[in-house]
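What follows is a single structure, written as structure tokens, with notes after it.
Every number here is computed from the coordinates shown, using simple stated rules; none is lab data. What you see is a predicted model, and the numbers here were worked out from it, not measured in a lab. We place every Cβ from the backbone using ideal geometry, glycine too, and count neighbours over all the protein chains shown.
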Amino acid sequence: MRATLWIFVALAGLLAGCGSGTTVVGANGEKATISNNGQSVTATDSQGNTATYAQNGNTATYSDSKGNTATIDKNGQAEIKQANGDSAKIGASVSESDLGVPFYPGSVEKPNASMTSTENGETTVVSNRTSKDDPAKVGSFYKDKIKDPKDSTVNASGMNMETVTGKLDDGSEISVVASKNNSDDTQIMVSVKHPKK
């Protein structure tokens, strides 16, 4: 059912070039309607569930009759909210306090690459950054901040990767992956899963 709704939203989006105010009806009573201004599409499945996609040049939004929403702005940042309370912000900046650990010194945030999500009351924060330093140095920095750290190193075919996992003092699970491919900058991904409060 959910897939059918998405198919009709996509189909109606493709037909938007055919003219505004258009309605497409499926074999089982599903329908998709393009607004008069051509900036939104509403799809309804055979059970009456609806999904609407709208865009205005700056943002695109999705919402459905179950209370789920998603918004994507022109910079690629997305916010997703589900009716059950789960949510995600993708492409937004995260802070050291969001993570619960400091950023690697001198590292630079990768644009639109970090995120936060909440699922079943647990929050996961992911920071993506770059550094000129070697992955082993990044791993050593984080080992000192993790309880009982477990680490691994891979060096193969120009790829150098250091992984450190463990827990923070508050019980949060942390995973740090620092990787470098040949002469590229080191890519640093820090993922922290905070327990329910």
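Couple of notes before you dig in:
- When the C-alpha to C-alpha distance is required to be over 22 Å, the pairs from Lys31/Lys66; Lys81/Lys147; Lys132/Lys167; Lys89/Lys147; Lys110/Lys132 that qualify are Lys81/Lys147; Lys132/Lys167; Lys89/Lys147.
- Label-point gap, in nm, between Lys137 and Lys110 - each point 7 angstrom along Cα→Cβ: 2.0 nm
- Crossing angle, helix 2-15 versus the chain [Cα axis fit, 0-90 degrees, rounded to tens]: 70 degrees
- Taking every alpha-carbon pair under 8 Å whose residues sit at least 6 apart, the chain reaches a relative contact order of 12 percent.
- Dipole of the chain, positive direction: furthest Cα of Asn75, Ser107, Ser97, with charges on the beta-carbon: Asn75
- Dipole axis of the chain (+1 Lys, Arg; -1 Asp, Glu on Cβ), positive-most option in Asn120, Ala51, Ile174: Ala51
- For segment 97-197, the relative contact order works out to 29 percent when only alpha carbon pairs closer than 8 Å and six or more residues apart are counted.
- Ranked by how many other beta carbons lie within 10 Å on average, peptides 56-67, 37-48 from highest: 37-48, 56-67
- Neighbour net charge for Thr59 - beta-carbon separation under 15 angstrom, K R +1, D E -1: +1
- Cα shape, segment 20-123, gyration tensor, a/c 1.5 rule: oblate
- Unit charges on C-beta of K, R, D, E only; dipole of segment 34-126, Debye: 260 debye
- Net length available on complete extension from Thr50 to Asp170 is 39.0 nm, with 0.36 nm assigned per residue and the Cα-Cα distance removed.
- The chain shape via C-alpha gyration tensor axes, a/c threshold 1.5: prolate
- R0 of 41 Å, Cβ-Cβ distance Lys31-Glu122: FRET efficiency to nearest 0.05: 0.60
- In segment 114-161, trypsin sites (Lys or Arg not before Pro) in a DSSP loop with at most 16 other beta-carbon atoms within 10 Å: Lys132, Lys145
- Under a model in which nothing but the beta-carbon of Lys, Arg (+1) and Asp, Glu (-1) is charged, the chain shows a dipole of about 200 debye around its Cα centre.
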